1. Report the label-to-label distance for residue 119 and residue 46 in nanometres (one decimal), using points 7 Å from each Cα along the Cα→Cβ vector.
2. What is the stretch 109-157 by shape, rounded, prolate or oblate, if you read a ≥ b ≥ c off the alpha carbon gyration tensor as root eigenvalues and call it rounded for a/c under 1.5, prolate for a/b larger than b/c, and oblate otherwise?
3. Name the chymotrypsin sites (Phe, Trp or Tyr not before Pro) in the stretch 40-79 that are in a loop by DSSP and that have at most 15 other C-beta atoms within 10 Å, would you?
4. Would you kindly derive the ³J(HN,Hα) couplings of the stretch 68-84 from the backbone phi angles with the Karplus curve 6.51 cos²θ - 1.76 cosθ + 1.60 (θ = phi - 60°), listing them in order in whole Hz, with x for Gly and Pro?
5. For the stretch 130-137, just list the computed ³J(HN,Hα) in residue order, Karplus coefficients 6.51, -1.76 and 1.60, θ = phi - 60°, integers in Hz, with x standing in for Gly and Pro.
6. Per q in 0.14, 0.18, 0.28 1/Å, what log10 I(q)/I(0) does a Debye calculation on the alpha-carbon atoms of the stretch 43-101 return?
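Every read-out reported here was derived from the displayed coordinates using simple, explicitly stated rules and does not represent laboratory data. On a predicted model such as this, the values are computed, not experimentally measured, just so you know. Every residue, glycine among them, receives a Cβ derived from its backbone with ideal geometry; neighbour counts consider all protein chains shown.
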Amino acid sequence: MRLKEYRSKRDFKKTPEPKDSPQTKKARAAALDPTYAIQEHRASRLHYDLRLEESGVLKSWAIPKVPTFKAGEKRLAIETEDHPMGYEDFEGVIPEGEYGGGTVRIWDKGTYVPLETTEGKRIVEIRGRKLKGIFALIRLKPKPGEKVGPANWLFFRVGGKP
């Protein structure tokens, strides 16, 4: 199951994070454009969690620096486990000692239009409150001898109005 890793890392008796999607797949399928969100996550280190709705879940990446508005300025994005629909609305405090403990708040939210989607590339038109325009997520190839771990991607604006 796609959310198995997400659920295995959390004790839902202790954390206020959503366990399952409050939205049905039918209701989401009726939506015109998929959901996009970025959450500011003040955990052990401040980072920004990018969420893109795909196939009934939120594909997720942790971005160590604030997302940029400037075209061509790249940010590292580390792929993380899928999150359930509904997480894009989550704001709150994950208790200390729990996975991802810290404060989560919505930094930007809206919809997006997928323009190109492959296993190692996402080109999307983001229609957020802050970010607007064409953005790319490109998976980096592991370096020779590098251990397999989280997939590193680059996230950057390709074009469109800032």
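1. Taking the two extended label points, one gets 3.7 nm.
2. Details: a/c = 3.29, a/b = 2.46, b/c = 1.34.
Here the stretch 109-157 falls in the prolate category.
3. Working: sites: 48, 61, 69; in loops: 69.
For chymotrypsin sites (Phe, Trp or Tyr not before Pro) across the stretch 40-79 that sit outside H, G, I, E and B with at most 15 neighbouring Cβ atoms in 10 Å, the list reads 69.
4. Per residue, the Karplus-derived 3J(HN,Hα) values read 9, 9, 7, 4, x, 7, 8, 10, 5, 9, 9, 5, 10, 5, 4, 10, x Hz.
5. 3J(HN,Hα) across the stretch 130-137, in whole Hz: 9, 8, 9, x, 8, 10, 10, 10.
6. -0.45, -0.73, -1.26
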